[in-house]
Amino acid sequence: MRATRMGALAIALLAAPALAPATARAQTPLASRIAAAGNGVVRMSFAARPGVCGSGNVIGTSRGDGEWVPDCDHGLVRVALHVSDGRVTALRAHVNGQWLAARAGDHDLGLVPAREAAEALLGLAGAESPAGGHLVAGSDGVAAGAIGAAALADSAVVWPQLASLARSAAVGHRARDAAVFWLAERAGDRVDPRRGGSGSGGGRADDEAVRNAAIFALSQRPRGEAVPALMDVVRTSGDPAVRRRALFWLGQTRDPRAIDLFVRILKGR
Amino acid sequence: MAEHAALSVLAAALIGGAAAGLGPPARVAAQTPDLAGRVAAVRDGVARMSFATDPDVCGDGAGAIGRRDGNAGGTGFHYLRERGTMHGEWDDCVHGPARVALTVRGGRVAAVALHVAGTWPEAGPGVTDLGRVSAPAAAAYLLRVAASVPGERDAGDAMAAAVFADSAVVWQPLEALAENRGLSDTRRGHAAFWLSQTDAPEAARALGRVIDRAIASPGSAGLARTAIFALSQVHEPGVPGMMRHYAEDRAAPERVRKSAIFWLGQSAAAAPAELDSVYRHLADPTLRAQVIFALSQRHEPAALDALIRIARHDPDPGLRRKAIFWLGQSRDPRAADTLRAMILGGRP
C-alpha cells in the first residue's frame, strides 16, 4: 500500500512539464556539460539510492517490509532533459530500463556521478535565469521533476538544498511541495532506516493499519491541532514506523514548523 | 437549518420527475364529479382553479412553496418545493391560495402547474378560469389526476396541491397511491413523501404499511427507501422506534436497512445512545459502518463518546478504522487527544 502511494507520489513529482528561482551558485562540471549541449534532448544516467526501483513508468521508494518486496528492480536513474534556449521545457525520469537509440541532435552524457547529477538537478530547480550559462527550469513542473530526480540519486546529501527550496518563496508551489515531500522522506529515513518495519507496536498488521488510520485522521484535524500533535508523535513515539508515518503527513501540511522539524532530525538534533 | 435545506432538496427531487396509472379509491372519485366534469369540458386548453390552503403554507406566487417551521416560534419556513427568492422568514413567504393550472388535451389532464399566492396573468385564448373551488373537493380531484397525468413531476404537483388544500383529509388516497402497483415507483415515492407532509396522525402508521409491503415485494427496495425517508419526515414520537425496527429488520434488503440507519441518525428525536444501541445489536459490518457514519453526523458529545469507544475497543479493525477516520473529521477537540493517545499508547 505504501509502495503504491509513494509510487504515485513519485510519479507525480517526477512527471515534468511556473517559473522557479533560487540561489545562484557556481556551475558544476556536469551542469556545464548539460548547458553546453545546447538545444535538444540531453540524457544522463546515474546510480539510484538503495530502495529506489523502477517498473514501467512506476518509480518506487519502498524496500518492502520484511515479508514482501516490491515487484520492481533496482537500477540506474535515467533522466532526459528537453532543452530549448537555456530552458528545460520538459524532464522525464525513469528508473531501470534501457534508453532507446538517441535521435540526431540528442546528447547522451552517459553514466554520470550521482552526487553531481543531484547537484545539477537541484541547481536547475533553483536557478532564476539562464544568465551566465545556467539552465533554468521552464516551468514549476519541470523544477518539481528535477527535485524528485535529484532525491533518487545515490550517496547525495540533498536535504540542505531541499530545505532551502522548501523555504524559498522564489520557487513555484509544485517545486516547493516536491522539496517538502522529499525532505520529509529523508527525515523518515533517518528515524526509520528499516523502512516500514513495525516497532514496539507488536507487529500485528491489523494494529498497524489501525494506528496508521489514526495518524492519518490526526493529520486531517485543523492545522493548528494537527501539526503540533503530529510533531509530538514524532518526538515521543517509540515506534520508528509510526514516526515515519507522522513525518510523511507532516510533510503534506507544508507547515514551516514541520520543515524545521525535518531539518532538526536530519541534523541529528 | 441544514436539515431543512437537505429536506427541501429532497422534496424537490421527489416532486421532480413520467407514468400512467390507475385511479384512486372510488370513495374519492365519488366526491368530485363536478370539478372533474368542468375540467373535462375544457377539452383542449388550460383550466385554472384556486382554493384555500392550509394556514401554514406559503409561496412566492411562482415556483417556490414553503411551510411554516414548527421550530423557532413559527417565525420561519422551509421550502417544500423549489427554491425561490424568499429568505427563511415567514413574512417573506406569502400565505395565499393554491392556484392550479391544468393543461387539458382531449378532455384529459396532460400537465399540472401549481403556485401558491400571487395572481394569475391575464387569461389568453383557450384559458378557462373555474374560479375559487372547494379545497377538499379540489384535493380529492387532484389526487385522481395524480394517478392519471402522464408526467411524474405533474403527478407530484397534483399531490402537493392536494396536501396543501385547507381542511382536506388526504392521507388515505395518498397511501392508496403509494400502494398502487400500477404506478411507477417514482410516483409511488412521491405519494409516500406527500403522505409524510399531511400532518395526519395516521401518516406514520400508513407509511409503515407502505414500507412493510415494499420490503415484502421483490424489486421494491427503492420504494421502501423513499418511504423510509418519508417516514423520517413525520414528527411523531413513535417514528424513531419504527426507524430502528427497519434498521434491525433482517428481512429487509441491506440498502433499506442502511437508509433506516441514516435517517435515524438524521432525526433530532433519536438520541446518539439510540444509534449506539443499534450498533451493538447489529452484527453485519456494512450496517455497523453505516451507524458509524450516522454517529459521525451528530455533534453531541455522546456521539463522539460512541465513536471513541468503537475506535478503541471494537474487535473489527475495519470498523475501528472507520470510526478513527470520522474522529479525524470531528469538530470536538477530544478527538485529537484520543487519536494521539491511540498512536502513542502501544496497542491502539
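Take residue B:104 and decide whether it is outside any loop (DSSP other than H, G, I, E, B), within 25 Å of residue B:148 (Cβ to Cβ) and modelled with pLDDT of 95 or more. Against the criterion (outside any loop (DSSP other than H, G, I, E, B), within 25 Å of residue B:148 (Cβ to Cβ) and modelled with pLDDT of 95 or more), residue B:104 qualifies. Looking at residue A:223, is it closer than 21 Å to residue A:151 by Cα and more than 11 Å from chain B (Cβ to nearest Cβ)? In short, no.
For segment B:199-224, what are the residues that are closer than 27 Å to residue B:57 by Cβ and buried (at least 23 other Cβ atoms within 10 Å of the Cβ)? Listed by number, the residues that qualify are B:203, B:206, B:207, B:210, B:211, B:223.
Screening the candidates A:107, A:74 for the property of being surrounded by 15 or more Cβ atoms within 10 Å (Cβ to Cβ), over 21 Å from residue A:28 (Cβ atoms) and either modelled with pLDDT of 95 or more or out of contact with any helix residue (DSSP H, G or I) (no Cβ under 7 Å at 6 or more places or on another chain) (or both) yields one hit, A:74. Among the residues making up segment B:322-348, a single one is buried (at least 20 other Cβ atoms within 10 Å of the Cβ), more than 20 Å from residue A:223 (Cα to Cα) and facing chain A (nearest Cβ under 7 Å): B:348. Against the list (1) crowded, with 18+ Cβ neighbours inside 10 Å; (2) within 14 Å of chain B (Cβ to nearest Cβ), the condition residue A:181 fails is (2). Taking segment A:138-147 as the range and being assigned to a helix (DSSP H, G or I) and of a type in the set (Gly, Ala, Ser) as the test, the residues that pass are A:141, A:143, A:144, A:145, A:146.
For segment B:231-239, the criterion of a residue being among the β-branched types (Val, Ile, Thr), assigned to a helix (DSSP H, G or I) and either away from chain A (no Cβ under 14 Å) or buried (at least 23 other Cβ atoms within 10 Å of the Cβ) (or both) is satisfied by at least one position. Inspect segment B:243-264 for any residue being more than 29 Å from residue B:185 (Cβ to Cβ) and out of contact with any Gly (no Cβ under 7 Å at 6 or more places or on another chain) and give the result as yes or no. No, because not a single residue in segment B:243-264 is more than 29 Å from residue B:185 (Cβ to Cβ) and out of contact with any Gly (no Cβ under 7 Å at 6 or more places or on another chain). I'd like to know if segment B:244-259 contains one or more residues that are among the small types (Gly, Ala, Ser), under 27 Å from residue A:216 (Cα atoms) and crowded, with 23+ Cβ neighbours inside 10 Å. No - not one qualifying residue is present in segment B:244-259.
Considering segment A:148-248, the qualifying helices (runs of 4 or more DSSP H), each wholly inside and each with 2 or more residues that are within 14 Å of residue A:262 (Cβ to Cβ) and of a type in the set (Val, Ile, Thr), run over A:173-191, A:223-236.
Taking first residues from segment B:302-313 that are within 14 Å of chain A (Cβ to nearest Cβ) and partners that are among the charged types (D, E, K, R) and in a helix (DSSP H, G or I), the Cβ contacts under 6 Å between residues at least 6 apart in sequence or on separate chains come to B:311/B:320. Look at segment A:29-51: where a residue is assigned to a helix (DSSP H, G or I) and a partner is charged (D, E, K, R), sitting 6+ places away or on another chain with Cβ atoms under 9 Å, you get A:29/A:116; A:30/A:116; A:30/A:119; A:31/A:116; A:31/A:119. From the list B:191, B:178, the lone residue that is under 20 Å from residue B:239 (Cα atoms), touching a Lys or Arg at 6+ places or on another chain (Cβ under 6 Å), buried (at least 24 other Cβ atoms within 10 Å of the Cβ) and at pLDDT 95 or above is B:178.
The values are calculated or read from the model by the stated rules, or taken from the named source; none is laboratory data. Keep in mind that what you see is a predicted model, and the values were worked out from it rather than measured. Backbone-built Cβ (ideal geometry, glycine too); neighbour counts: all protein chains shown.
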